[in-house]
Amino acid sequence: MSAAPAPLDATHKRPQIWSQAPPRTLDETLVMNVTVELREKEDWRKKALDPEIMARWKAEALQKHSFSDSMAQYLEDELKYEATRWHNEELGIESTGIPGVVRSDKLVKAEVVEKLRLLSDELESGPEKDWHPESDETVLDVVHPSLYCLVDDHTRVLAEDEEAVFPEDSRDLGRWFGKVPEIYAGVKERQTDAGIDAQNPVEHTCQWLPADFQVDEDGKVKTLSYINNLHPDPRKTTGKLYDVIEQTLQAFLPMFEASLAEYQLPGFRKEFRKGSDNSHWLEESWNPAQPEEIPINELATTEEDRQYLNTDGSASYDKSADRIEHARREYWTENREWVRPPVEKFEAVEVKPITLKNRRLQVIVKMATIHLNSTKPEYEGGAWHVEGTHREKICATGILYFDQENIKGSELNFRGSIDTHAAQAEITYEQNDFDAIMELYGFGTDTETTQELGKVNTKQGRSIVFPNGVQHQVSPFKLADPSKSGYRKIIAFFLVDPLEKVISTARVPPQQEEWMSKYFKDIYASLPPKLPSEIRQMILQGAAPASIVARRPVNRNEDGEPQRQRPRLTANQEESCGMTLAEARGYRLVLMRERAAQAVHIEESNEMGFSFCEH
C-alpha cells in the first residue's frame, strides 16, 4: 500500500449481508485453503522466501492435497508476493488469504487489553448474570445489542435534526432526557430494503442500536453517543469502559481500512483463470474429449450392427446405427477421464488503500464471555451466519479475543454464497452432462450453493476483521483440562456502512428504565427543599419521560413476550418510552426469532442447489 489512502466514497464496493459471488473452481478453492493454512505458520513470511522450505511446502501440496504442477507454482508465486507486499509491521496487520479477512496478533496495546480484562471481570462479578438465551448458561452477555434494542411501535426516536451527542467535557445523558418531550413515537422511517424481498424474507421489527463515534484526521476516536447497555457514568465500571473501548476501536480502524481495501480487489477468481468464459474448459476437460472420438466399430458387437458401418467406421443412419451411437455415448461417459484445466500464472493486483479518518462512524459494540466447566466442558460451536440484517447495514466485523483460560483450540470458519444465476449464465455444458460441472466446481443440481473459503485460528490476543458479505461460523472448542473451569472473552465491533446512516443511540434516548429513574430522582433531589410538591411534580412532568410519571400496562402473549403495541404512539400521548428489564428480555427473544427465521430461509436457499436445465 504505497499510494496515499483515499477516503471511502460511493465508488468503492462495500460488503452487503448475504451477498453472493460467482463460483470458484475446486482447484481455486483448494489453493486458497492451503494458502490460508500456511499463513498460520509462525514467521511464514520469512519461510515463504526460503527456497528449501518453499520446496517442501510445494511437495506437501502435491502429495497431501493432490495439487497439479500449475497449482503448486501458483501457490509459490502468491506466497512470495504476499510475503513482500505491504503489511503493517508495527500493528501486525496482514491478510489471511481469505478475501477481505485480515488479522493481527499485536493490534491492541497490552495495557489496554489489561484494562479491558479487569473491567470485564468487574462487570461479570455482579450478582445478576445475563446468560444469553438458549446457551445453557455458557454464553454470558456482558454488553449485548439485542437487549433494549430498537422496537417498532414502542421505541421513541428523536427527529434527525434533534439528535443528541455528548458534551465536549463529559458523558452526560441529560442531552437525551432533556429532549424527551420533543420526540415522536415509532420508527416511521423504515429502511427501504428492510422489508420482504428475496434475500430478506422476514419482516424485522427490531434493530440493534449503534453508537456514533467521531474519527479525527489523526485517527483518534471520540464517543459521541452512549453505547447501548453500557451506562456512561464515569463513576461506574461501565463508564470507565468507554475510554478503553475508544482506544480499542481506534486500534481497529487500520484493520477495517485494510479489510475494505482488500474487498475492492476483483478477487482470487479473476487472477486464477483466463476471463470468465469457461466453456472451453468443459468442452476440453475429458479424455477423449467427445464421444465421436471413439471408433464406432469398436462398439459394433453383432453382425447386424456391422453391416451398417461405413468403410471409415462411421455408422449409416437407421435404428441400428442409433443404437450404436447411444452405446458409444454410454461407453464414453463411463470410461472417460477428467483432465484438470491448468491454473493460470499468478498475477499480482495492487491493493489501493482506504482511509476512515475524518468522518463519523456508527458502530455496534458487543462483549461476551463463554464459560465452560467440568459439567459443560465443550462449546458446540455456532451456526453459519452474517451479522445483523438490512436494517443495521453492517459492512464489516472486528473481533478481539482478549482473554482466555484453559481453552483448547478454536477457529473462525468462512464460506461464500454462490450467485446461482451468474453460475448458470456462465457455465456451458453438454446436454445432460453435469459431471463436468461437478468435477470443475464441486457442485451439481442437488448440492449446497456455498463454498468453503478457509478458517482462521482464534487464539488469545488475536484480532480479526472480515467483511459482512461472507458467512462465518465459530467452530467447537473445549477445555484443555476437563477437570478445571475455563473461559474465553471477546469484544466485537460491528461497523455500519460508513456511507449509510441508520437510527442510532444519538436519536434514541436510553430505554433502560433504571437509568431514567436514577437520572430523574437526582433532578428531584436537587430541587430546593422548600419548593412546593405541586411545583416539583410539574417540573418533573415537564422534563421526564412519561414512563417516570405513569406506566402503561404491557400486553403479553402466551410465551410471556411483550406484544407489539398498536396503534403507533403520538407525541402527545403519555406512553412509556422505556422498558423494564423483563420487557427488554422479551423483545430480545422477538429479535432473536426474527433473525433465526431469516437464517433458516437463507440456509434453505443454500440447500436448494442449482437449477441447471437439460437443454
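Report yes if residue 174 is in contact with an Asp or Glu (Cβ under 6 Å, 6 or more places away or on another chain) and in contact (Cβ under 8 Å) with a residue 12 or more places away in the chain, otherwise no. So residue 174 fails the test.
Taking the residues in the stretch 6-50 that are among the hydroxyl-bearing types (Ser, Thr, Tyr) and more than 15 Å from residue 76 (Cβ to Cβ) as candidates, determine which candidate is modelled with the highest pLDDT. Show your work before the answer.
Just the residues of the stretch 6-50 that are among the hydroxyl-bearing types (Ser, Thr, Tyr), to begin with: 11, 19, 25, 29, 35.
Okay, now just the ones that are also more than 15 Å from residue 76 (Cβ to Cβ), so 11, 19, 25, 29.
Numbers: 11: 78, 19: 71, 25: 83, 29: 89.
Filtering first and then ranking leaves 29.
Within the stretch 331-374, the set of residues being more than 18 Å from residue 396 (Cα to Cα), of a type in the set (Ser, Thr, Tyr) and surrounded by 13 or more Cβ atoms within 10 Å (Cβ to Cβ) comprises 331, 333, 369.
Candidates 517, 504, 533, 485: the one that is over 27 Å from residue 140 (Cα atoms) and either at pLDDT 55 or above or of a type in the set (Ser, Thr, Tyr) (or both) is 533.
Please verify whether residue 92 is more than 30 Å from residue 236 (Cα to Cα), touching a helix residue (DSSP H, G or I) at 6+ places or on another chain (Cβ under 6 Å) and either at pLDDT below 85 or not aromatic (Phe, Trp, Tyr) (or both), treating the condition exactly as stated. The answer is no for residue 92.
Report yes if residue 331 is assigned by TED's automatic domain parsing to the domain that holds residue 103, aromatic (Phe, Trp, Tyr) and modelled with pLDDT of 65 or more, otherwise no. Spell out the reasoning first.
Details: assigned by TED's automatic domain parsing to the domain that holds residue 103: no; aromatic (Phe, Trp, Tyr): yes; modelled with pLDDT of 65 or more: yes.
Judged against the criteria, residue 331 is not a match.
For the stretch 364-414, taking the residues that are among the β-branched types (Val, Ile, Thr) and not in a strand (DSSP E or B), the one that is farthest from residue 497 (Cα to Cα) is identified as 375.
If you check 61, 55, 21, which single one turns out to be of a type in the set (A, V, I, L, M, F, W, C) and within 23 Å of residue 396 (Cα to Cα)? Please lay out each step first, then the result.
Numbers: 61 fails: within 23 Å of residue 396 (Cα to Cα); 55 fails: within 23 Å of residue 396 (Cα to Cα).
On inspection, the qualifying residue turns out to be 21.
Residues in the stretch 442-465 that are touching a strand residue (DSSP E or B) at 6+ places or on another chain (Cβ under 6 Å) and among the hydrophobic types (A, V, I, L, M, F, W, C): 453, 456, 464, 465. Among residues of the stretch 11-23 being closer than 30 Å to residue 285 by Cα and in contact with a strand residue (DSSP E or B) (Cβ under 6 Å, 6 or more places away or on another chain), the one that is surrounded by the most Cβ atoms within 10 Å (Cβ to Cβ) is 23.
For the stretch 78-96, what are the residues that are among the acidic types (Asp, Glu) and without any contact (Cβ under 8 Å) to a residue 40 or more places away in the chain?
Once the filter is applied, which keeps residues that are among the acidic types (Asp, Glu) and without any contact (Cβ under 8 Å) to a residue 40 or more places away in the chain, the stretch 78-96 yields 89, 90.
Could you tell me which residue of the stretch 49-77 is surrounded by the fewest Cβ atoms within 10 Å (Cβ to Cβ), considering only residues that are among the aliphatic types (A, V, I, L, M) and in contact (Cβ under 8 Å) with a residue 24 or more places away in the chain? Can you show your working first?
Here is the first cut: in the stretch 49-77, the residues among the aliphatic types (A, V, I, L, M) are 49, 53-55, 59, 61-62, 71-72, 75.
Still in the list and also in contact (Cβ under 8 Å) with a residue 24 or more places away in the chain: 49, 54, 61, 71, 75.
Numbers: 49: 13, 54: 19, 61: 22, 71: 23, 75: 26.
That would be 49.
Does residue 116 count as in contact with a strand residue (DSSP E or B) (Cβ under 7 Å, 6 or more places away or on another chain), buried (at least 18 other Cβ atoms within 10 Å of the Cβ) and either over 23 Å from residue 455 (Cβ atoms) or modelled with pLDDT under 95 (or both)? Here the answer is yes, as residue 116 does meet what is asked.
From the residues in the stretch 429-461 that are among the small types (Gly, Ala, Ser) and modelled with pLDDT under 75, which one is farthest from residue 418 (Cα to Cα)? Write out each step before concluding.
If we filter the stretch 429-461 for residues that are among the small types (Gly, Ala, Ser), which is where we start, we get 436, 442, 444, 454, 461.
Remaining after also requiring modelled with pLDDT under 75: 436, 444.
Numbers: 436: 18, 444: 12 Å.
Here the residue is 436.
The values are calculated or read from the model by the stated rules, or taken from the named source; none is laboratory data. Fair warning: this is a prediction, and the values are worked out from it, not measured in the lab. In this analysis, Cβ positions are derived from the backbone assuming ideal geometry, glycine residues included, and neighbour counts consider all displayed protein chains.
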